[in-house]
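Presented below is the structure to which this report refers.
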Amino acid sequence: MTGQSGSNGRIRGTGKRRKEPSRRRRATAIAAWTVAGVVVVGGTGLGYAYFKLNGNLKAVDINAALGKNRPADVDNGSQDILVLGSDSRSGANSEYGRDEGTARSDTAMVVHLNQGHRTASVVSIPRDTLVTRPDCTSDTSGKTVPGQQRAMFNTAYEVGGPACAVKTVEAMSGIRMDHYLEVDFTGFKKLIDQLGGVKITTTQAINDSKSHLNLTPGTHTLDGEQSLGLVRTRKSVGDGSDLGRIQLQQAFIKALMEQAKTVGVFSDPKTLFGLADTATKAITTDSDLGSVKELTGFANGLKGLGSRNVHMVTLPVQYDPADPNRVVPLEKSAQQVWTALKQDKPIPASAIEKSAGDKGDAGQVVR
């Protein structure tokens, strides 16, 4: 699949693209969520450390912000979590670009934990998907932001923060999000370094001038900087599109999940605290997860979940006929995906077979 890009393009693999707000804007949200959960499991017995870690966590009261006009809260043992990586340049993130006072959700994934939490389905939502964004309340001014048709998905976070992002996903899917997790990518980079890097195998050379990543075919242990470079690599893999980059991210996430399970962090309290300290600084949660106690309980429920039990897909999309730099959901196929999650069933292969997001070979570049 080849493509063209106009001056405002962000999807296609060739041509000019509008200036991105960072050189490393992709922080792999679900990966940080997984590791954060793993490393805080032992936190409740650390005394002073418990209160220190509790103070690190930032929480948003999504329930209060959205009220009762939401999809039904189905209590069948499964859980749905919206995981976002934002492109804020404030504070320590300023090294990745100029702080323009706003942020967008650069990476978005709906994580469905099946009943028993032994398997999971992950649906990546391309940032430039055109959606109907509902009315939202600005998290900065408190004013109502009118809804918009054919709005890019990642603008929901920009105009209304986490609550608007959750509201938009719930409107798209008809599924209530049980939890919300947002990742700070500077902390994510530090977390990768403290884990000792992530081991991957590349099936071809990666030489990407934008992400400043140069890897030969073979096995590598990537540090935090290289990991961020890998998950933002685009033009040098697959068809060079943003959809291909999502496939690359998904492959990296599975490698990180395996790495987190093999590192013996709990045998060394100092190492454990360092990882937990970094992890809790790297994330923002919904208020129901906004304490070490709650996050620990949540993480304990994920102990049996391995990368082989996680099925990752991209929301079924096609290039927008009116704007080849954007994508639009394939309505029938997307509904198959959301219905599978609602019914706590595996996503059928037929749901993604016609999707532009799951074509190409970018996902085979990293193993």
Task: residue 271, sole failed condition from (1) modelled with pLDDT under 85; (2) open to solvent by 40 Å² or more (accessible area, probe 1.4 Å); (3) within 27 Å of residue 126 (Cβ to Cβ); (4) polar (S, T, N, Q) - done: (3)
Open item on the list: Going through 297, 301 one at a time, which residue ends up being open to solvent by 30 Å² or more (accessible area, probe 1.4 Å), more than 27 Å from residue 130 (Cα to Cα) and not β-branched (Val, Ile, Thr)?
Closed with: 297
Open item on the list: Can you find a residue that is in contact with a Pro (Cβ under 7 Å, 6 or more places away or on another chain), within 23 Å of residue 251 (Cα to Cα) and touching a residue at least 40 places away in the same chain (Cβ under 8 Å) anywhere in the range 346-361?
Closed with: yes
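Given the condition assigned to a helix (DSSP H, G or I), of a type outside the set (Ser, Thr, Tyr), under 20 Å from residue 107 (Cα atoms) and open to solvent by 40 Å² or more (accessible area, probe 1.4 Å), answer yes or no: does some residue in the range 317-338 qualify?
Let us first name the residues in the range 317-338 that are assigned to a helix (DSSP H, G or I), namely 331-338.
Subsequent filtering for residues that are of a type outside the set (Ser, Thr, Tyr) retains 331-332, 334-338.
Then drop every residue that is not under 20 Å from residue 107 (Cα atoms), which leaves 334, 337-338.
Narrowing the set further to residues that are open to solvent by 40 Å² or more (accessible area, probe 1.4 Å) leaves none.
Among the residues of the range 317-338, not one is assigned to a helix (DSSP H, G or I), of a type outside the set (Ser, Thr, Tyr), under 20 Å from residue 107 (Cα atoms) and open to solvent by 40 Å² or more (accessible area, probe 1.4 Å), which makes the answer no.
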TODO: Identify, from the list 206, 253, 283, 246, the residue that is farther than 26 Å from residue 305 by Cβ and at pLDDT 80 or above.
DONE: 206
Task: Residues located in the range 153-196, provided they are hydrophobic (A, V, I, L, M, F, W, C), at pLDDT below 95, open to solvent by 10 Å² or more (accessible area, probe 1.4 Å) and not in a loop (DSSP other than H, G, I, E, B) - done: 159
Open item on the list: List the residue pairs whose Cβ atoms are under 6 Å apart, where the first residue sits in the range 238-249 and is open to solvent by 10 Å² or more (accessible area, probe 1.4 Å), the second is charged (D, E, K, R), and the two are 6 or more positions apart or on different chains.
Closed with: 238/361
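Scan the range 339-360 for residues that are part of a loop (DSSP other than H, G, I, E, B), of a type in the set (D, E, K, R) and within 20 Å of residue 111 (Cα to Cα) and jot them down. Give the derivation first.
Here is the first cut: in the range 339-360, the residues part of a loop (DSSP other than H, G, I, E, B) are 343-348, 352-355, 359-360.
The next check asks that each one be of a type in the set (D, E, K, R); those that pass are 344-345, 353-354, 359.
Once the filter is applied, which keeps residues that are part of a loop (DSSP other than H, G, I, E, B), of a type in the set (D, E, K, R) and within 20 Å of residue 111 (Cα to Cα), the range 339-360 yields 344, 345.
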Open item on the list: Let me spell it out: the conditions are (1) open to solvent by 20 Å² or more (accessible area, probe 1.4 Å); (2) under 19 Å from the mean Cα position of the chain (by Cα), and residue 227 meets all of them except one. Which number is the exception?
Closed with: (1)
TODO: Please find, among 219, 233, the residue that is without any contact (Cβ under 8 Å) to a residue 40 or more places away in the chain and open to solvent by 70 Å² or more (accessible area, probe 1.4 Å).
DONE: 219
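The values are calculated or read from the model by the stated rules, or taken from the named source; none is laboratory data. Because the structure is predicted, anything quoted here is derived from the model rather than measured. In this analysis, Cβ positions are derived from the backbone assuming ideal geometry, glycine residues included, and neighbour counts consider all displayed protein chains. To get the accessible areas, we keep the full protein, side chains included, count just its heavy atoms, and leave off ligands, DNA and RNA. Shrake-Rupley method; radii C 1.70, N 1.55, O 1.52, S 1.80 Å.
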